[in-house]
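Everything on this sheet refers to the single structure shown next.
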Amino acid sequence: MTLEIPNDLAIALEAAGQVHLLGSWDSLSEESRRNLLSALRALDLPQIQKLGEHLRKPIEHEAQSFEAPMTFPLERTEEQQAYAQKAIALGERLLSESKVGFVLVAGGQGSRLGFDGPKGMVGVGPVSGLSLFGWHAARLTAAKQRFGTRITWFVMTSATNNGATRAFFEEQDFFGLGSENVHFFTQEMLPALDQEGRIVRTTPDELFLAPNGHGGTLQALRSEGMLDLAASLGIEQFSYFQVDNPLVRPADPLFVGLHAMAEADMSSKVVTKNEPGEKVGVLGLADGKLGCIEYSDLPESLREERDSGGQLRFRAGNIAVHMIRREFAEQLTLDGQLDLPWHLARKNLKGINAEGQVAEIPGVKFETFVFDALGAAANSVTLEVRREEEFAPVKNAEGSDSPASCRLALTESFGRMLEAAGLDLPERNPDGTLPLEVDPRVAENVEQFCETQRQMTPDEDGWLYR
């Protein structure tokens, strides 16, 4: 029996302005018809209509005023130091009581790095070759050991890497954390639209789908049942971080404690911009609303402006590390809809044109950004951290923010630990890296390493760890 389009679906597509998707139906094979029908049934047509309306809206006015955020700084007064100690104590208690869940955003592929597989599988360990996933797992294992916490790890994948990510975790025996403590959930994909609001097809029976942005993490936590699971486990806060940064410390008692003491909905870590021209978003207030101000949106005069201490006034570089109150995430995703603004990425898309030919089609992808949730937060903490200790992302194949620059940053971090403990450094490799590696379960910072060194006996060469 020949497969036909259900009448109700055909009517719904026509009402939504998407009847073009049926244009090649008569020429499709039965298998292709099944593929297309499955894709069409999965569409949220009311949402697509709203996106099309958003596409035709006039561009919103640019912000008129900018303010730098209040930060909890690296250089602290005695009063701030005392407050930090209280925050650390609270953070340690919340971690020990398993009130914190850990959300890893890992939907990307390693194709830009020349790697065939999920980005989290890319090896960056200077000696061990440990993968990005492995580094995060080691840091969570360290938290389990130090605070006695139950690790609940929420790993967000995408439709393109979900299977490979799950298989890798199984091969690694879930890095010793237990399969029952690792929960995978998948980011939603959205159709791309052409300039008239019509869904773009990549082939006659496939739609052009793209991830809905890292803000979609919050919606996926809701739709995949992770918010309910977290509530059932007594988790009150989420530690949010992205897969490409192996220096991130997901279980940082200071950050957890500062966030909790402020009764904040959402908080952020930032690093100081290297120089005014560094093209990174900075946290700040635009027309009184907290968020991430893109480099291109900040007037040049403000990029260059310095405070009384000689530092850049707008220096709080966003590194995509957050604490998020679980109930806040629930509020933002009531009725399954994400209450964040849409961002439009306009670009040429390779797809099927009106004549049924493969062509470059001027189109739009729709994304949400998690940092936009800061604008809805009743309270927020912005914690300044040292870039060299907590931020070494892997984004590019070569140059800055590459696997090579990440390995160098890791070994420099390890080198500072050894020097602080009074140990000599080995000769550098030809690429400038130090031939050493410190497992996060041993130490994640100078203070922890020195304490560990005092408690252990070095080998005959004076080395504790290689």
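Quick rundown of the values:
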read-out: Any hit, region 159-173, residues being polar (S, T, N, Q) and surrounded by fewer than 16 Cβ atoms within 10 Å (Cβ to Cβ); value: yes
read-out: Options Arg198, Arg139; residue that is under 30 Å from Arg93 (Cα atoms) and surrounded by 20 or more Cβ atoms within 10 Å (Cβ to Cβ); value: Arg139
read-out: Options Glu236, Glu224; residue that is without any contact (Cβ under 8 Å) to a residue 60 or more places away in the chain and either closer than 24 Å to Val394 by Cα or surrounded by fewer than 20 Cβ atoms within 10 Å (Cβ to Cβ) (or both); value: Glu224
read-out: Condition met for Gly281 (in the same structural domain as Met121 (by TED's automatic domain parsing) and either of a type in the set (Val, Ile, Thr) or surrounded by fewer than 16 Cβ atoms within 10 Å (Cβ to Cβ) (or both)); value: no
read-out: Total residues in region 242-274, condition surrounded by fewer than 22 Cβ atoms within 10 Å (Cβ to Cβ), within 18 Å of the chain's Cα centre (by Cα) and assigned to a strand (DSSP E or B); value: 1
read-out: Residue ID - surrounded by the most Cβ atoms within 10 Å (Cβ to Cβ), chosen from residues in region 60-114 that are within 20 Å of Val385 (Cα to Cα) and small (Gly, Ala, Ser); value: Gly91
read-out: Region 337-349 residues that are assigned by TED's automatic domain parsing to the domain that holds Phe371, paired with ones that are among the aromatic types (Phe, Trp, Tyr) and modelled with pLDDT of 90 or more (beta carbon under 6 Å, 6 or more apart); value: Trp342/Phe366; Leu349/Phe208
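Here is a yes/no grid of residues against (1) in contact with a strand residue (DSSP E or B) (Cβ under 7 Å, 6 or more places away or on another chain); (2) at pLDDT below 95; (3) among the hydroxyl-bearing types (Ser, Thr, Tyr); (4) not assigned by TED's automatic domain parsing to the domain that holds Glu305:
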residue	(1), (2), (3), (4)
Phe184	yes, no, no, no
Asp205	no, yes, no, no
Leu229	yes, no, no, no
Val243	yes, no, no, no
Arg249	no, no, no, no
Phe255	yes, no, no, no
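The values are calculated or read from the model by the stated rules, or taken from the named source; none is laboratory data. Computed from a prediction, not measured in an experiment: that's the story for all the values here. Cβ atoms come from the backbone with ideal geometry, glycine included; neighbour counts cover every protein chain shown.
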